[in-house]
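**Q** Just passing along the structure, written as structure tokens.
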Amino acid sequence: MTMSRSASVLHASANGDRGEILRALQERLARALDAPKTAAHALPPLAKRLLEVGEQIEAYEGAGGSGSVVSSADDETWDGRA
């Protein structure tokens, strides 16, 4: 299921996978950071969380969208002579 960029976190949570939830959360955080009414004291924690969510998205997508951090690369052949 491909989520539109404007889907809410609630919608993604109810209908999406982890990647969709993370992308919706990332967009929501970015909108909060850009909103003129966001209090100045709220900006640092929002920015920190936005960066953390970005890292989680990279890890998730790097795992092929499976959420696993285990590599799917083939094992090398063992050479016992070394």
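**Q** Given the condition more than 15 Å from the chain's Cα centre (by Cα), loosely packed, with under 12 Cβ neighbours inside 10 Å and modelled with pLDDT of 95 or more, answer yes or no: does some residue in the range 42-55 qualify? Walk me through it before giving the result.
**A** So in the range 42-55, the residues more than 15 Å from the chain's Cα centre (by Cα) come out as 42-45.
If we keep only those that are loosely packed, with under 12 Cβ neighbours inside 10 Å as well, we get 44-45.
Filter once more, keeping what is modelled with pLDDT of 95 or more: 44-45.
Yes: the range 42-55 contains one or more residues that are more than 15 Å from the chain's Cα centre (by Cα), loosely packed, with under 12 Cβ neighbours inside 10 Å and modelled with pLDDT of 95 or more.
**Q** Sticking with this structure for a sec: So in the range 11-28, with the set limited to residues that are of a type in the set (A, V, I, L, M) and buried (at least 18 other Cβ atoms within 10 Å of the Cβ), which one is nearest to Arg49 (Cα to Cα)? Write out each step before concluding.
**A** Going through the range 11-28, the residues of a type in the set (A, V, I, L, M) turn out to be 12, 14, 21-22, 24-25.
Applying the additional criterion that residues be buried (at least 18 other Cβ atoms within 10 Å of the Cβ) yields 12, 21-22, 24-25.
Details: Ala12: 18, Ile21: 14, Leu22: 11, Ala24: 13, Leu25: 10 Å.
The qualifying residue nearest to Arg49 (Cα to Cα) is Leu25.
The values are calculated or read from the model by the stated rules, or taken from the named source; none is laboratory data. Keep in mind that this is a model prediction, so the values were computed, not measured. FYI the Cβ positions are ideal-geometry reconstructions off the backbone, even for glycines, and counts take in every protein chain you see.
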